[in-house]
Structure formats: structure tokens, C-alpha cells
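The values are calculated or read from the model by the stated rules, or taken from the named source; none is laboratory data. Since this is a predicted model, take the numbers as computed values, not measurements. Note that we place each Cβ from the backbone using ideal geometry, even for glycine, and neighbour counts take in every protein chain shown. For the accessible areas, the whole protein counts, side chains as well, though only heavy atoms, and no ligand, DNA or RNA atoms are used. Shrake-Rupley method; radii C 1.70, N 1.55, O 1.52, S 1.80 Å.
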Amino acid sequence: MKPSTRFFLAAIAATGATLLFGCANTQSSNQNRESMLVAAGFKTITPKTAAQKQKLQNLPPGKVTMIKKGSKTYYIFPDSTQNQAYVGGPGQYEQYKQLRAENKLAKENVEMANMYQDTAMEWSMWDGWDAGAGSFGPMAGAGPD
């Protein structure tokens, strides 16, 4: 097989994997968001009338929307694929924001821990920085004679 053909097939495989991961990541992100909404006290409702279904379809997907009805304020997150919505009040929304902040901080901590994980960098394979100028560069002194 020609190197150009191998490269082309590898590029197709990488693109497919990226698309697959992106879709899975979006789905797990929505599931995570829905879990946080429920944990914050949001209630799941299913529209029963055509008018309710239309209102659900008109909400921006993937976002919590504030709606005022009379003197009350509601926060709604639509889940059109499941034909339902998550509805909460100001207290539940504040709890949801707190959970999102904690989740973001936890995710950042995991990313930092992964970034600083020495075993993943395989330092033993480096064998010095510059073999021509001593074991670890010109500051380390003369190399072996």
C-alpha cells in the first residue's frame, strides 16, 4: 500500500473517530446537565396538548430559559428528543448554577491532575535533552568522553 493511501485512510479514520466522540460528548453533556437539573430540584414535565408541544419546540435547545408567568418566574430546559422539559423556580435555578460551578471546578481539577501526571509523560524515554552537549544540555557540563 502506498504511503499516500495509508495517510488518506488514517485521515478518514481520525475524522470518523472525532465525529463519533463529538456526538457522544454532546449526548453525555446533555445527560450530565439533566442530572444536575434534577439534583437541583427541577421537575420533569411532559407536554400534553399541541400548544404545549409547540412551546417546547420554540425554546432554544440546550439552554435554560427564564419565563415569567404572572408574578412567578420559571426556568425551563427543553429536552425535545424525550418530549419533555425540566422546570424549576428561582431557588432550583440558583442550586443548578451552584452545581454547574462545582462541576466545572471538579472537571478543571481533573484536567490539571492529568496534565501534571508524570507517568504519562514517560520521562525515562527522554535520555537527556541534547546528547551532543552533555546529559541535560550545555548547563550540565561536559558530556562523557
So, in nm, how far is label GLN57 from label MET112 when the simple model puts each one 7 Å beyond its Cα toward the Cβ? 4.7
Show me the three semi-axes of the equivalent ellipsoid for the range 37-111, from the C-alpha gyration tensor (sqrt of 5 times each eigenvalue), largest first, rounded to whole Å. 25, 15, 10
Give LYS69/LYS97; LYS68/LYS107; LYS55/LYS104; LYS43/LYS63; LYS72/LYS107 a once-over and call out the pairs whose C-alpha atoms are over 24 Å from each other. LYS68/LYS107; LYS55/LYS104; LYS72/LYS107
³J(HN,Hα), Karplus 6.51/-1.76/1.60, whole Hz, each residue of the range 57-69, x for Gly, Pro: 5, 7, 6, x, x, x, 9, 8, 10, 8, 10, 9, 10
Ordering LEU105, LEU59 from largest to smallest accessible area (1.4 angstrom probe), what's the sequence? LEU105, LEU59
